[in-house]
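**Q** Handing you this structure, nothing more for now.
Quick note: the coordinates plus some simple rules give every number you see, no bench work behind them. As the structure is a prediction and not an experimental result, all values here were calculated from the model. Reconstructed Cβ throughout: ideal geometry from the backbone, glycine too, with neighbour counts over all protein chains shown.
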Amino acid sequence: MSGRAGRGVALVLAVAVAWLPAAAQGVRATSLRGSRGAGVVNIPTADGGAARQFTAGLHVAGGSPVYSYLRYQLTDELELGGVVSPAEQAGAPDTSRAGLLAHYRFLKEQDALPAMAVGIEGLSGYVVASHSLPGPRYLRAHLGGRVGERAGLFAGVSAVVNPVTVRRPGALATPVVTLGMDFDGATLNAGATLQWGPGVQVDVGVMDRGYLALATGINISAVF
C-alpha cells in the first residue's frame, strides 16, 4: 500500500474512532471480539496476518451470547470485516446486532519502535502498540486504549511456547501454542491460542468477572 493511500486509511479510521463515543450513547451492544490477537483473550494487538487471508470465526464466553465474525486481510497492513452477535436471552425479540471490524497497522516494528495500529471493534475504537521483549519465548507486550462503548486502557503480554507445528506418522500434529494474559480495562484474562498450520486456530481462556468464565472459539482461515 502506498504512503498516500496508507495515510488516507489511517485518517478514515481515526475519524470513525472519534465518532464512536457519540454513537455508543444510543446503541447497546455486547462486547465484540474478533480483532486479531494471538494468545490474548480480550484485547486487540498491532500484529497482522498474511495478505489475502480470509478468516471466519465463532466465539463464546461464559455469560455472553455466541457471536461470529468474518475478516479479510486486504494487505499486510489493512484488515476489514464484520461481527454478528445474537439476542442475549432465549425467547427475546430479535436483537441481533452487527458491528464493523477494521484494523490498520500504520507503523511496523523496527528496533526500539513498536508496531502500532488503529482499529474498530463494533462500537469501540482503539489504538494499540505491540513490541517484542527480550527472552527465548518470543515474548510480546501490547498496550493501548479504547474509546466508545468500551473506553479505557488495556494491556497484555503473549509468549509463543511452541513455535512450530510438529507432525509424526500416526499421531495428532502438535500445534503452535501461544499463551497470553491481558487486562481489558475491566477484567483480568488469560488464554492460549492453538494453531494447526495456517488454516485452523482454536482459542481457549478464562475471564475474571468475579467468577472465572470460560471463553473458547475456533477460527478457520484460507488465502484467496
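**Q** Full extension from L70 to L133: what is 0.36 nm times the residue separation minus their Cα-Cα distance, to one decimal in nm? If you can, show how the numbers build up before the last one.
**A** Details: separation 63, 0.36 × 63 = 22.68 nm, distance 3.07 nm.
This chain segment gains 19.6 nm when fully extended.
**Q** Considering only C-alpha atoms, what is the centroid distance from segment 141-208 to segment 97-140, in Å?
**A** Taking the Cα centre of each part, segment 141-208 and segment 97-140 sit 14 Å apart.
**Q** Could you give the nm distance between label points at L172 and D111, where each point is 7 Å from its Cα heading toward the beta carbon?
**A** Placing both labels 7 Å beyond Cα along the Cβ direction yields 4.6 nm.
**Q** Order the peptides 105-114, 69-78 from the highest to the lowest mean number of other Cβ atoms within 10 Å of their residues. The partial results should precede the final answer.
**A** On the way: 105-114: 13.6, 69-78: 18.7.
My ranking of the peptides, most packed first, is 69-78, 105-114.
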